[in-house]
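One structure is given here, and the rest of the page talks about it.
The values are calculated or read from the model by the stated rules, or taken from the named source; none is laboratory data. No experiment lies behind these values; they were computed from the predicted model shown. Cβ placement follows ideal geometry from the backbone for every residue including glycine, while neighbour counts extend to all protein chains displayed. For the accessible areas, the whole protein counts, side chains as well, though only heavy atoms, and no ligand, DNA or RNA atoms are used. Shrake-Rupley method; radii C 1.70, N 1.55, O 1.52, S 1.80 Å.
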There are 2 protein chains.
Amino acid sequence: MTEPATPAELTALARTMIPILDAMGLEVLEVTPHSATARIPAEPNVNHFGAMYAGCLFTVAEVLGGLMAGFMDVPGGVPLVKRLEIDFSRPATTAVTARTTLSEAEFDRVQAEAIATGKSNYELVAEVTDEAGTVVARTRGFYQMRVMG
Amino acid sequence: MTEPATPAELTALARTMIPILDAMGLEVLEVTPHSATARIPAEPNVNHFGAMYAGCLFTVAEVLGGLMAGFMDVPGGVPLVKRLEIDFSRPATTAVTARTTLSEAEFDRVQAEAIATGKSNYELVAEVTDEAGTVVARTRGFYQMRVMG
């Protein structure tokens, strides 16, 4: 990602890269090298009881890792998710927003290590909140920036 | 669930209860009180590189918990997922199948405890394999059968 992209452009890109995000109505709200925020609406992501399905809460948080990695300048680098832990604290009955951050030092370390050795592991913690601001889920994702080919 | 249901009936039920499963094309292959198997096709669940999206691998495994819990005879009981850990071991480029089991003793314990105290925690380990039989992901889900209302 060499040029700044608008949230609408990033949303379109994410939905093209991962078509099921289109079915979920995922919107990218903001991405910087050090933070990412995305949102999914209640419909069609809630279950028959009106509570957001666990797999959709997983998705809105997990996808942040790939979005932010787009800023890393690693030739041939692809972000892979190796493991993800998610804790569900409350049912969500509204749209939900997921947010994560990555420190500048950690961003620089991952970028440099991936260029030097072909791969670098990093962790991202994300919080998913409902429209009232209540935390409904927390995730810890274990990613790897890997140089392919 | 008081009557035996066919895989087609269970598939329809799952997609009605959780509409995004319909978008993913989830199929329930088999459910007994002690095992559950479900499958999702490659399309529309793969990303732009042809690899199954992490959130879809999560879903095909996570959903097994709710399917099997349908056999528990707990008045007012609803299965909730509290936490899920997923390890991604290989990219999947085909349809994938998830399978889990629950011992008869554990099934009986959860059912009895939920009736007696209003809730009971249990764990489910699932394996997700591709069409060649390669394990692409493993999950450990922490569920609770809870009596509502």
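Using the alpha carbons of the stretch A:12-149, what is the convex hull volume per residue in cubic angstrom, as a whole number?
Numbers: hull volume 13.7 nm³, N = 138.
Spread over its residues, the Cα hull of the stretch A:12-149 gives 99 Å³ apiece.
Write out the chymotrypsin sites (Phe, Trp or Tyr not before Pro) in the stretch A:47-92 meeting two conditions: DSSP loop, and at most 11 other Cβ atoms within 10 Å of their Cβ. Walk me through the numbers before you get to the answer.
Details: sites: A:Phe49, A:Tyr53, A:Phe58, A:Phe71, A:Phe88; in loops: A:Phe49, A:Tyr53, A:Phe71.
Here the chymotrypsin sites (Phe, Trp or Tyr not before Pro) that fit, given the DSSP loop and packing criteria, are A:Phe49.
Multiplying the sequence separation of A:His34 and A:Asp108 by 0.36 nm and subtracting their Cα-Cα distance, what value in nm do you get?
Working: separation 74, 0.36 × 74 = 26.64 nm, distance 1.04 nm.
In short, 25.6 nm is gained.
Quick one: Cα centre-to-centre distance for the stretch B:4-40 and the stretch B:74-149, in angstrom?
Using only Cα atoms to place each centre, the spacing works out to 14 Å.
Please list, in order along the stretch B:136-149, the HN-Hα scalar couplings obtained from phi with the Karplus expression 6.51 cos²θ - 1.76 cosθ + 1.60 (θ = phi - 60°), rounded to whole Hz, x for Gly and Pro.
With the stated coefficients, the stretch B:136-149 comes to 9, 7, 10, 10, 10, x, 10, 10, 9, 8, 10, 7, 9, x Hz.
Taking amide H positions as placed 1.01 Å from N in the peptide plane, with prolines and chain starts having none, which residues 5 or more places from B:Gly118, or on another chain, fall under 5 Å of its amide H?
none
Figure the gain on full extension for A:Phe49 and A:Lys119 (residue separation times 0.36 nm, minus the Cα-Cα span) and round it to one decimal in nm.
On the way: separation 70, 0.36 × 70 = 25.20 nm, distance 4.30 nm.
Contour length minus the Cα-Cα distance gives 20.9 nm.
Which whole-percent values make up P(r) of the protein assembly as shown when all C-alpha to C-alpha distances are grouped in 5 Å steps starting at zero?
1, 6, 12, 16, 19, 17, 12, 8, 5, 3, 1, 0, 0
What does the structure give for B:74-82 when I average, per residue, the other chain Cβ atoms found within 10 Å of the residue Cβ?
On the way: counts 0, 0, 0, 0, 1, 0, 4, 7, 5.
Taking the mean over all residues of the peptide, I get 2.
Express the carbon and sulfur contribution to the solvent-accessible surface of chain B as a percent, rounded to the nearest whole number, probe 1.4 angstrom. Working shown, then result.
Values: 3590 of 6660 Å².
Taking all protein chains in place, chain B shows 54 percent carbon and sulfur surface.
Can you list the copy-to-copy distances for B:Pro19, using a point 7 angstrom from Cα toward Cβ, in nanometres, shortest first?
2.1
Distances from B:Arg109 to the same position in the other copies: list them in nm, one decimal, shortest first, using label points 7 Å from Cα along Cα→Cβ.
So the label point of B:Arg109 gives 4.0 nm to the other copies.
Hey, for B:Glu43 with labels 7 Å out along Cα-Cβ, what do the inter-copy distances come to in nm, ordered shortest first?
Output for B:Glu43: 2.7 nm, nearest copy listed first.
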